[in-house]
Amino acid sequence: MWIVLSILTAIFYALQGVWSKKIMRDINRYTVTWAMFAFALPVLFFPFIAAGIPEIGPRFCWGTAGSVLINMVGFTLFIKALQISPLS
């Protein structure tokens, strides 16, 4: 089962790059970066609610904020690299 999920993850990640490069002809790279995170929220939110909300401490909030900032910078640079270079 895990090998199938790994292969599907690789395929969808590659398609994400192709799709991002295609839509960046018309849309700003910051909007594309925001959209990647925003459209993932419903997919992550509903299982979170179904499983129940665990107790969250202050260290979790700091870790989550740091992770979001680092990922936003990383994805913005990823999108910029896709925009200025060929996919191959």
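Going by what's in this entry, would F37 be described as open to solvent by 60 Å² or more (accessible area, probe 1.4 Å), under 11 Å from the mean Cα position of the chain (by Cα), at pLDDT below 85 and of a type outside the set (D, E)? Answer is yes for this residue. A Cβ distance below 7 Å, combined with a sequence gap of six or more or placement on separate chains, defines the contacts here; from region 4-23, residues that are closer than 12 Å to L82 by Cβ and of a type in the set (K, R) reach residues that are modelled with pLDDT of 85 or more and open to solvent by less than 70 Å² (accessible area, probe 1.4 Å) in the pairs K21/L82.
Look at L82 and say whether it is at pLDDT below 85 and either exposed (fewer than 10 other Cβ atoms within 10 Å of the Cβ) or over 14 Å from the mean Cα position of the chain (by Cα) (or both). It is false that L82 is at pLDDT below 85 and either exposed (fewer than 10 other Cβ atoms within 10 Å of the Cβ) or over 14 Å from the mean Cα position of the chain (by Cα) (or both). For the structure I just gave you, tell me whether V43 is under 21 Å from A14 (Cβ atoms), part of a helix (DSSP H, G or I), open to solvent by 70 Å² or more (accessible area, probe 1.4 Å) and aliphatic (A, V, I, L, M). Judged against the criteria, V43 is a match.
Residue-level analysis places W62 among those that are over 29 Å from S88 (Cα atoms), of a type outside the set (A, V, I, L, M) and assigned to a helix (DSSP H, G or I).
When region 46-79 is filtered for residues that are open to solvent by less than 60 Å² (accessible area, probe 1.4 Å), closer than 17 Å to Q16 by Cβ and not small (G, A, S), the ones remaining, listed by number, are F75, T76, F78, I79. Would you say I27 is out of contact with any Leu (no Cβ under 6 Å at 6 or more places or on another chain) and open to solvent by 80 Å² or more (accessible area, probe 1.4 Å)? Considered against the rule, which asks whether it is out of contact with any Leu (no Cβ under 6 Å at 6 or more places or on another chain) and open to solvent by 80 Å² or more (accessible area, probe 1.4 Å), I27 comes out as no.
The values are calculated or read from the model by the stated rules, or taken from the named source; none is laboratory data. All of these numbers come straight from a predicted model, not from anything done at the bench. Reconstructed Cβ throughout: ideal geometry from the backbone, glycine too, with neighbour counts over all protein chains shown. Areas reflect the complete protein model, heavy atoms only, side chains present, ligands, DNA and RNA absent. Shrake-Rupley method; radii C 1.70, N 1.55, O 1.52, S 1.80 Å.
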